[in-house]
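**Q** Okay, handing you the structure first.
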Amino acid sequence: MRSTTILLVLLAALLAIPSPMPAQQSDFAVKKNFEDRFADLKARIGAATNTTELDSIKKRLDGFEIDFLNQKAFLDEVLYPESYEGKLKDLRGLFVQNYDRMTLIQTQGVQIAQMEGNIQKLTTSLNDLSARA
């Protein structure tokens, strides 16, 4: 009886200690997690309104790549005819395209503000000349 009680206490203690090994995800969970995060990143890249947002998204994109690097071979199989590298290339291409577009928009915004300032100065000069005449 005493040895049974000791055995039960030891078993309970072993079950209470968390395992140092990370929990394994099922194949379905890995694929779904990849697809969900891919879709989220793609949507975030498309919805970004400035380069600061895109810089933040770049960090997420780098983390996404690192998180799934160990499952590359598996993802290549389940994403066929696409691949892990192909999906990342698509995201990075979309990122670069949107980053370039945002940079252009911001640059044009600065140029427009400068032109508006010049127009204001010219309008003031024209009004001064008209008043003298």
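**Q** Once you put a point 7 Å from the Cα of residue 105 and another 7 Å from the Cα of residue 29, both along the Cβ direction, what distance in nm separates them?
**A** 3.8
**Q** May I pose another question? Please tell me which of these pairs span more than 18 angstrom C-alpha to C-alpha: 58/89; 32/58; 32/59?
**A** The pairs that break the limit, which is 18 Å between Cα atoms, are 32/58; 32/59.
**Q** Would you mind getting me the FRET efficiency between residue 112 and residue 60? Use the beta-carbon distance for r and R0 = 30 Å, nearest 0.05.
**A** Taking R0 as 30 Å, the efficiency between residue 112 and residue 60 is 0.45.
**Q** Which residue, chosen from 99, 68, 52, occupies the Cα position most advanced towards the positive end of the dipole of segment 24-100, where the dipole is computed from +1 (Lys, Arg) and -1 (Asp, Glu) charges on Cβ about the Cα centre?
**A** Projecting each Cα onto the dipole axis, the largest value belongs to 52.
Taken together, the values in this text are just the output of simple stated rules run on the coordinates, not laboratory data. Just so you know, these numbers come straight off a predicted model, no measurement behind them. Cβ atoms come from the backbone with ideal geometry, glycine included; neighbour counts cover every protein chain shown.
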